[in-house]
Amino acid sequence: MKRIFTLLAGFLFTCTLLNAQQYDVLDQVKADMRKAYGMEGPHRLDEFGTLSPAPSGYKPFYISHYGRHGSRYAWNPDTYTLLRDVFLKAEEKDVLTPYGKEFARKYMDFWEVPYINAGDLVPLGYDQHLAIGTFVYEQFPRVFKGRKKVDALSSTGQRCIVSMGAFNAGLLSGNPKLQIRMQSDHMGMGIIAPPSAPKAIRKRFKGQGEKPAHLESVSSFFKRTVNYKGILGKLFTDYSFLDQMEGGEDFMDELWELLSGYHNYVKEPLFDDLIPEEEIVKVWEAANYFSFYSDISARYGTIPLLKDILEKAEASFQDPNRAAHLRFGHDFILEGLATLLNINNMGVVPDTPEEAKYWFQNYNIPMAGTLLFVFYKNKAGDILFKPVLNENDAFLPQLTPVRDNFYRWSDFRSWVDELLREHPEI
């Protein structure tokens, strides 16, 4: 049995956990190499699922949402300038291989536009959220009937604000009468991205920042998993000069940021021939472990967001004119929330780094990744809800469903109350 955080240990069912493990995850990545792009990869519009029907007598009436911004350029301009500087230095020292010279030539023709636009949403990002908003309306038209109210809150980042507008355009294409109010300010960051909120409103919770002592560091796991020296050797005849710059491992981090992310804004496979497929799988596993290891304790930083979801949902139960609360933010928050709630067993902490990939796959938090809580009630007022991750049914294995992935709100609320007692604000 895997180690999991204390709170989850009393709730998870062993049989459910075992069934959820994906021991063939590396085969899945090999079969679809686009999954290797992980959290930097675009949410694919061909993967929208068919959602399970509600139990008899239950109708949808409210939706709570958190979505990551859509596809963007690399968030950090240093990604582009570091690679530029490395290739210029390698050319100066005459240590580029013939392949490295061609790679560097293509890169030097490429880098300036994404550098200038670093962090900005790309056209695909708008299209993703337009499609997701349209999907949500088409799946739940009853929720958005008439002049219902929708509140949308965005991070202050451009990519999130434009994503919010695109999603709402999708809703309005179904019903132009919707009363949508959009907001983006620094106070709102206390909900949308609590660890990045202004210091005056930032909060901290028990367990935040703590790492399980039994797990290996990201750097150590990367070095023994990835043949990064072989990759560097394909570019450089001598890469010792990197030690005076960022170092080989740091250069690889930014190189992989480029390789896994540029497909969001360039259709041509400009750089895909650098790393062979068998090695890309290893690079993905190391990057996946980095994503998982980062969220182990960071998940508790999303508690203010969870509280906002609870409070606004329960207030909306009494407001027949309220259709939805929408929130548009960032990958590390969606990742943290999903692991905090143990969506699809993403919150399980393994015994070894190699086992992390069986529970957590970072390609499930893509550009435009979306988590919905869809609420239903019957004539008696009994409230159920279902989680939907990336337009596909998702599950909360620590809870007993009424049917499929429909859970009683009262059961979830009890579980969350226990979580909050275990992890109070400090």
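The values are calculated or read from the model by the stated rules, or taken from the named source; none is laboratory data. Since this is a predicted model, take the numbers as computed values, not measurements. Because the Cβ atoms are built from the backbone with ideal geometry, glycine has one as well, and the counts that use them run over all protein chains shown. Calculation scope for accessible area: heavy atoms of the full protein, side chains included, ligands and nucleic acids excluded. Shrake-Rupley method; radii C 1.70, N 1.55, O 1.52, S 1.80 Å.
Using alpha-carbon pairs under 8 Å, 6+ residues apart, how would you state the relative contact order of the chain in percent?
Here the relative contact order equals 32 percent.
Using Cα pairs under 8 angstrom and six or more residues apart, how large is the relative contact order of the stretch 177-258, in percent?
Relative contact order comes out at 13 percent.
Where the centroid of each part is defined by its Cα atoms, how far is the stretch 295-316 from the stretch 150-227 in Å?
About 11 Å separates the Cα centre of the stretch 295-316 from the one of the stretch 150-227.
Mind checking the angle between helix 277-298 and the chain's longest principal axis? C-alpha axes, 0 to 90 degrees, to the nearest 10.
50
If you plug each phi of the stretch 311-328 into the Karplus form 6.51 cos²θ - 1.76 cosθ + 1.60 with θ = phi - 60°, what whole-Hz ³J(HN,Hα) values come out, in order, with x for Gly and Pro?
5, 6, 5, 5, 5, 6, 4, 9, 10, x, 8, 8, 9, 6, 10, 10, 9, 10
From the cross-link list Lys35/Lys211; Lys101/Lys234; Lys35/Lys307; Lys59/Lys148, which pairs have alpha carbons spaced over 20 Å apart?
Lys35/Lys211; Lys35/Lys307
Carbon and sulfur: what percent of the chain's accessible surface (1.4 Å probe)?
Using a 1.4 Å probe with all protein chains present, the chain comes out at 51 percent carbon and sulfur.
Calculate how many DSSP beta bridges within the chain are antiparallel, expressed in % of all such bridges and rounded to the nearest 5.
Among the beta bridges of the chain, antiparallel pairing accounts for roughly 60 percent.
Can you tell me the alpha carbon radius of gyration of the chain divided by the globular rule-of-thumb value 2.2 N^0.38 Å?
1.01
Compute the long axis of helix 123-139 from its Cα atoms, compare it with the longest principal axis of the Cα atoms of the chain, and write down the angle in degrees, 0 to 90, nearest 10.
For 123-139 against the chain, the angle is about 20 degrees.
For the stretch 178-235, what class follows from the C-alpha gyration tensor (a ≥ b ≥ c being the square roots of its eigenvalues): rounded when a/c is under 1.5, otherwise prolate if a/b is larger than b/c, else oblate?
Oblate shape, in that a/c is at least 1.5 and b/c is the bigger or equal ratio.
Per residue of the stretch 63-79, in order, report the coupling 6.51 cos²θ - 1.76 cosθ + 1.60 (Karplus, θ = phi - 60°) as ³J(HN,Hα) in whole Hz, putting x for Gly and Pro.
10, 10, 9, 9, x, 6, 3, x, 4, 9, 6, 3, 5, 10, x, 4, 3
Identify which of Arg159, Arg44, Arg327 has the largest mean-square fluctuation in a Gaussian network model of the chain, with springs joining Cα atoms closer than 10 Å.
Per the Cα network of the chain with a 10 Å cutoff, Arg44 tops the list.
Under unit Cβ charges (Lys, Arg +1; Asp, Glu -1), what dipole magnitude, rounded to 20 debye, does the chain have relative to its Cα centre?
Around 2200 debye, computed over the chain.
Convert each backbone phi in the stretch 247-257 into a coupling constant with the Karplus relation 6.51 cos²θ - 1.76 cosθ + 1.60 (shift: θ = phi - 60°), then list the ³J(HN,Hα) values in order as whole Hz, x for Gly and Pro.
x, x, 5, 5, 4, 4, 4, 6, 4, 5, 4
Counting helices only, and only those DSSP H runs with n ≥ 4, report the 222 nm mean residue ellipticity of the chain as the sum of -39,500 (n - 2.57) divided by its residues, in deg cm²/dmol to the nearest 500.
Rounded to the nearest 500, it is -13500 deg cm²/dmol.
For the stretch 139-264, take the convex hull of the Cα atoms, compute a quarter of its surface area, and give me that in nm², please.
Spelled out: convex hull of the Cα atoms, projected over all directions, averaged, 13.5 nm².
Given a 10 angstrom Cα cut-off, can you work out which residue in Gly57, Gly49, Gly41 is the most mobile in a GNM of the chain?
Its mean-square fluctuation being the largest, the pick is Gly57.
Report, in degrees rounded to the nearest 10, the 0 to 90 angle that the Cα long axis of helix 331-340 makes with the longest principal axis of the chain.
Computed tilt is about 50 degrees.
Over the chain, give the accessible area per residue in Å² for a 1.4 Å probe, as an integer.
Result: 42 Å² per residue.
Given H placed on each backbone N at 1.01 Å, which residues far from Arg322 in sequence or on other chains put an amide H within less than 5 Å of it?
Result for Arg322 returns Lys149.
Can you give the accessible area of Lys203, probe radius 1.4 Å, in Å² rounded to 10?
100
Take the chain, connect every pair of alpha-carbon atoms lying under 10 Å apart with a spring to form a Gaussian network, then pick out the residue of Ser56, Ser316, Ser260 with the largest mean-square fluctuation.
Looking only at Ser56, Ser316, Ser260, the biggest GNM fluctuation is shown by Ser56.
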